[in-house]
Amino acid sequence: MKDTVPDILPMHKRRYEAIPIESVKVINSRNRDEEQFDMNVTSIDNTGLLKPIRVNDKFLERGGMYELICGEGRLLAHQRLKHETILAEVITCTRKEAYLQSLVENIARTNPRSMDFARELKRLQDEGWDTKRIALIACKSERYIQDLIRLVGQGEERLIEGVERDVFPMQFALQIVTTDDAQMQNVLMDAFDEGIVTTKNFAQARRIIVGRSRAHKKQVAAKKYTVDQLKQDITDVTKEKASYVREAKTKENRFMTLLSGINAIWKDTAFVNMLGEEKLAERPQLLGDFAYDS
């Protein structure tokens, strides 16, 4: 049987109580931004609690404690303000259901471009949720959810810290994590730091490194690949591309000259009749967007 989050109850069927703060036990704690927390404390002190916390009373009789489902920040704010009680929505459910409610609540309130969001998704997966269900809860594509979970599970520590400190944008991190080789990840991160690699040219840079690794497997294994080498490889590839473009342009110009000549010749009726007598009047078939004059 799959784990489910209880249906949302209408307001008139919910149970609210003022409960002792000392009787609330935090089960699923998480880190929080201190500056934002201070602002929340000030807000609660000035205007009161606008949204009750949610607690589970299933184990109250046995252990004497409510178990917190959602609202740790509000609970801590009341503790700092020396309040003795706090308004809570009281429900009765299993610990599994309470934990899932807590995770879903965290996902709903967390910036979808943050590592906290990615970690909450990973925790849901660890609880047995498949990515399709998580995607429905998070209102994101299943592929995006898979990439975020992979970032938490396989990303280099430097990459994760970089996202948390806004050094690397989330989009870049998701591109990096699809690169399995740890050395390649670090080279790409160094290149990003130096402005060589961006989210726009990332795919090209990775192709360059992979291509070099395959072509010089023994040398790469013996000598660490560096950002300077990536710079040189990008320069070389750019030169090769420019050379290819020049060559293609030259060939196109030559072709257009020939096509113009054929069109001019075909306007000479006597010449065309002569070709017909020699069974040479059929012109070569042109491909693409090219065509003969009517």
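Laid out as a table, the results:
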{"read-out": "Entries of 13/122; 13/132; 13/82; 96/132; 200/251; 13/58 with Cα pairs more than 25 Å apart", "value": "13/122; 13/132; 13/82; 200/251"}
{"read-out": "For the range 44-55, Karplus couplings with θ = phi - 60° (6.51, -1.76, 1.60), whole Hz, Gly/Pro x", "value": "5, 5, 7, 10, x, 7, 8, 10, x, 6, 10, 10"}
{"read-out": "Per residue accessible area of the range 30-104, 1.4 Å probe, in Å²", "value": "56 Å²"}
{"read-out": "Normalised alpha carbon radius of gyration of the range 25-85 [divisor 2.2 N^0.38 Å]", "value": "1.19"}
{"read-out": "For the range 127-142, Karplus couplings with θ = phi - 60° (6.51, -1.76, 1.60), whole Hz, Gly/Pro x", "value": "7, x, 6, 7, 5, 5, 5, 5, 4, 5, 5, 7, 6, 10, 6, 4"}
{"read-out": "Extension reserve of the residue 35-residue 95 stretch, reckoned as 0.36 nm per residue once the Cα distance is removed", "value": "18.5 nm"}
{"read-out": "Placed amide H near residue 197: partners under 5 Å, 5+ positions off or other chain", "value": "192"}
{"read-out": "Unit Cα scatterers, Debye sum, the range 66-108: log10 I(q)/I(0) for q = 0.16, 0.32 Å⁻¹", "value": "-0.47, -1.15"}
{"read-out": "Separation between Cα centres of the range 120-146 and the range 268-294, rounded to whole Å", "value": "63 Å"}
{"read-out": "Residue 235-residue 82 FRET efficiency (beta carbon distance; Förster radius 51 Å; 0.05 resolution)", "value": "0.20"}
{"read-out": "Percent of C-alpha pairs per 10 Å bin, the range 8-119, short to long", "value": "13, 44, 35, 8, 0"}
{"read-out": "Placed amide H near residue 93: partners under 5 Å, 5+ positions off or other chain", "value": "57, 58"}
{"read-out": "From phi via Karplus (6.51, -1.76, 1.60), per-residue ³J(HN,Hα) for the range 265-279 in Hz, x at Gly/Pro", "value": "5, 6, 7, 8, 4, 5, 5, 5, 4, 5, 5, x, 5, 8, 6"}
{"read-out": "Accessible carbon and sulfur surface of the range 63-143 relative to its total accessible area, %, 1.4 Å", "value": "49 percent"}
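The values are calculated or read from the model by the stated rules, or taken from the named source; none is laboratory data. Keep in mind that what you see is a predicted model, and the values were worked out from it rather than measured. Counting neighbours? That spans all protein chains shown, and the Cβs are built from the backbone with ideal geometry, glycine included. Heads up: the accessible areas ignore ligands, DNA and RNA and are worked out on the full protein's heavy atoms, side chains in. Shrake-Rupley method; radii C 1.70, N 1.55, O 1.52, S 1.80 Å.
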